[in-house]
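Colleague: Sharing a structure here in structure tokens format.
The values are calculated or read from the model by the stated rules, or taken from the named source; none is laboratory data. Given the structure is predicted, the values throughout are model-derived calculations rather than measurements. Neighbour counts are summed over all protein chains in view; Cβ atoms, including those assigned to glycine, are modelled from backbone coordinates with ideal geometry.
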Amino acid sequence: MRKCSTANLDALLRTIAENASLYLPVDGTDGRAHFTKWEDGVKMSDALNTVRSAKDFFFPQTENLMDFKVEGKTIEIIDTREECEDFVIFGVRACDVRSFDILDRVFLVDPVDTYYKNRREHGIIVSMACTRPSETCFCRTFGIDAANPGGDIVCYKEEDAWYFDALTEKGQALLSKLESLTEECDTAAVDAQKDLIRERMDKLPLADLTADAFGGDKLNTYFNAPEWKSLSQSCLGCGTCTFVCPTCQCYDIKDFKTNKGVQRFRCWDSCMYSDFTKMAHGNNRTSQLERFRQRFMHKLVYFPANNEGIFGCVGCGRCLSRCPISMNIVKVMKELGGNA
């Protein structure tokens, strides 16, 4: 465990930025926190979480996959990728850290998504404990400890000091470059903060929410449940919940013809959209009820069925705060699980 005085934090961030691109939560013009590239004078946000998750760094909303040069009947495939820069994401909360593990199970299994893999290899995660969790937080429902957020380095903020603990080889390598700005210390202050965080988690409105009623063996229990009709009736199909979600991984791939050839892009998609996976024969899910059910069955049943019981939700609470009609996974869990 190493300690840096609050007065030296800017110098510590500057040192990190000298070796890699550094991103951290910064309040935007909309008054909300967004991950922003650090530069001198940038102040780190005090917000609990960013509007969009840190998922963007590894699975961006849009990206160019490749180009095609067409000359007559000859097609040349052009790899447009460049080696990713080394980068550090500072201030990632426990829920978002867990989301990377979920995304890894999608993009790092055969066939490996090399675009995602390359970014994961170049990125270093500096997580931060949640000293003041929000009323919309329910990460503990899925076994996440806000006091031990994980990552490559975990940090704890106190009024006069920041504490850092390296958890991986990448984290140790980074922390070793900061030795002149940090000092060895005991864990007393951090242990006290952990106890305080857990006490606050105990008092949250959703502290007693459990996922015990769900899992990979519940397909027949919930697929034809009558509750889906009433739950989905008010859904607008806007997709906001999927775009702020740190674990949603649906995407579409499109080709665009330009004067120089054809460009192939990947962009986020949403299972809540009526044209999602639409093909020549139509759409597999023709009603909003079916689309609504797909989203939550995937999080609570389909994903754990294929991933050793791990749920596809991390309890970050973004969908609770951003849904325009206040319909979210918590309401679905309570209604279907009998805890309404």
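Colleague: Kindly establish whether Gly261 is surrounded by fewer than 18 Cβ atoms within 10 Å (Cβ to Cβ) and touching an Asp or Glu at 6+ places or on another chain (Cβ under 8 Å).
Modeller: Judged against the criteria, Gly261 is a match.
Colleague: Those residues that are among the acidic types (Asp, Glu) and under 14 Å from Pro60 (Cβ atoms), I need them from region 240-271; list them, please.
Modeller: Asp252, Asp269
Colleague: A further question follows. How about region 242-285: which of its residues are part of a loop (DSSP other than H, G, I, E, B), modelled with pLDDT under 95 and among the hydroxyl-bearing types (Ser, Thr, Tyr)?
Modeller: Listed by number, the residues that qualify are Ser270, Tyr273, Ser274, Thr277.
Colleague: Among the residues of region 227-242, is there at least one that is out of contact with any strand residue (DSSP E or B) (no Cβ under 7 Å at 6 or more places or on another chain), closer than 23 Å to Gly143 by Cα and not aromatic (Phe, Trp, Tyr)?
Modeller: Within region 227-242 (the criterion being out of contact with any strand residue (DSSP E or B) (no Cβ under 7 Å at 6 or more places or on another chain), closer than 23 Å to Gly143 by Cα and not aromatic (Phe, Trp, Tyr)), the answer is yes, since at least one residue qualifies.
Colleague: Quick one: would you say Val42 is under 16 Å from Cys245 (Cβ atoms), surrounded by fewer than 19 Cβ atoms within 10 Å (Cβ to Cβ) and at pLDDT below 95?
Modeller: no
Colleague: Give Val190, Val126, Val154 a once-over and let me know the one that is modelled with pLDDT of 95 or more, assigned by TED's automatic domain parsing to the domain that holds Ala17 and in contact with a Ser or Thr (Cβ under 6 Å, 6 or more places away or on another chain).
Modeller: Within the list Val190, Val126, Val154, the selection yields Val154.
Colleague: Any residue that is closer than 13 Å to Phe57 by Cβ and either out of contact with any helix residue (DSSP H, G or I) (no Cβ under 9 Å at 6 or more places or on another chain) or crowded, with 22+ Cβ neighbours inside 10 Å (or both) - is there at least one of those in region 106-114?
Modeller: no
Colleague: Tell me yes or no: at least one residue of region 147-156 is assigned to a loop (DSSP other than H, G, I, E, B), surrounded by 17 or more Cβ atoms within 10 Å (Cβ to Cβ) and of a type in the set (Ser, Thr, Tyr).
Modeller: Checking region 147-156: not a single residue is assigned to a loop (DSSP other than H, G, I, E, B), surrounded by 17 or more Cβ atoms within 10 Å (Cβ to Cβ) and of a type in the set (Ser, Thr, Tyr).
Colleague: Find the residue count for region 77-105, including only residues that are surrounded by fewer than 22 Cβ atoms within 10 Å (Cβ to Cβ) and of a type in the set (Lys, Arg).
Modeller: 2
Colleague: For region 318-340, how many residues are assigned to a loop (DSSP other than H, G, I, E, B) and crowded, with 19+ Cβ neighbours inside 10 Å?
Modeller: Total meeting the criteria: 2.
Colleague: So, one more: So, in region 186-238, how many residues would count as being part of a loop (DSSP other than H, G, I, E, B) and over 30 Å from Arg293 (Cβ atoms)?
Modeller: Of the residues in region 186-238, 3 are part of a loop (DSSP other than H, G, I, E, B) and over 30 Å from Arg293 (Cβ atoms).
Colleague: Let me ask something additional. Residues in region 298-317: is at least one under 30 Å from Gly72 (Cβ atoms), out of contact with any helix residue (DSSP H, G or I) (no Cβ under 7 Å at 6 or more places or on another chain), free of Cβ contacts under 8 Å to residues at least 40 places away in the same chain and in a loop (DSSP other than H, G, I, E, B)?
Modeller: No: region 298-317 contains no residue that is under 30 Å from Gly72 (Cβ atoms), out of contact with any helix residue (DSSP H, G or I) (no Cβ under 7 Å at 6 or more places or on another chain), free of Cβ contacts under 8 Å to residues at least 40 places away in the same chain and in a loop (DSSP other than H, G, I, E, B).
Colleague: Looking at Val109, Val97, which one is of a type in the set (Val, Ile, Thr) and in contact with a Pro (Cβ under 8 Å, 6 or more places away or on another chain)?
Modeller: Exactly one residue qualifies, and that residue is Val97.
Colleague: Right, another one. If I ask for residues that are of a type in the set (Ser, Thr, Tyr) and part of a loop (DSSP other than H, G, I, E, B), which ones from region 81-137 would you list?
Modeller: Once the filter is applied, which keeps residues that are of a type in the set (Ser, Thr, Tyr) and part of a loop (DSSP other than H, G, I, E, B), region 81-137 yields Thr131, Ser134, Thr136.
Colleague: Taking the stated definitions as given, is Phe68 part of a loop (DSSP other than H, G, I, E, B), surrounded by 13 or more Cβ atoms within 10 Å (Cβ to Cβ), outside the structural domain of Pro149 (by TED's automatic domain parsing) and not polar (S, T, N, Q)?
Modeller: Criteria not met by Phe68.
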